[in-house]
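Below you'll find the structure, written out as structure tokens, and then a few comments.
Coordinate-derived values only; no laboratory data. Here the structure is a predicted model, which means the values were calculated and not measured. FYI the Cβ positions are ideal-geometry reconstructions off the backbone, even for glycines, and counts take in every protein chain you see.
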Amino acid sequence: MPTLLFDEAESKDVVSDVFASLLSGSTIVRADNAKAFLLASVHHRCLNVLQHKQVKERFACLLTEDADTLISDNLVEEQMQMEELMSYVRDNLSLMEHNVFRLRYLKEMTCQEVAGALNVSRQTVHTHLKQTVEKIRKYFNSNSKAI
């Protein structure tokens, strides 16, 4: 797995996420295809992580560029979406959700590092991340906006 993400800690986070989602009980895995299901789940989760990194890199570039260089309509629109996202995070999430989101996605800390920084369990970090992402998705889907 580190060959997809090139980061052992992040790879472990992905595997933990997959098992955490299985433990939630929402998915039932048959014994005859458990190995294939787990491998496919981890693979797809890795692809999601990579896609998220690309989006984060685009947003980071937008935030660091001078206003004079933001000529393209697409770049301006992306910057506005990022500002709206950060405004939503700031105004609508609990303090813990906001801190977990900021440390995990903006400071690029692993879930284990976030747990240590906030003095909570790793499962607590996963729970808050899941809730936060669901709230953000619901908000942007209900407002017909894509991030």
For an R0 of 25 angstrom, estimate the FRET efficiency from the Cβ-Cβ distance between E77 and Q112 and round to the nearest 0.05. 0.10
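Nearest 0.05, what FRET efficiency do L4 and E84 give at R0 = 41 Å with Cβ-Cβ as r? Present the calculation step by step, with values, prior to reporting the outcome.
Details: r = 31 Å, r/R0 = 0.75.
Once rounded, the FRET efficiency stands at 0.85.
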Please give, to one decimal in nm, the separation of the simple spin-label points placed at Q51 and H98, each 7 Å out from Cα toward the Cβ. 3.0
Nearby lysines by direct alpha-carbon distance to K138 (threshold 29 angstrom, same-chain neighbours under 8 apart not counted): K12, K53, K56, K107, K130
Förster radius 22 Å - calculated FRET efficiency between K130 and D32 (Cβ-Cβ, nearest 0.05): 0.15
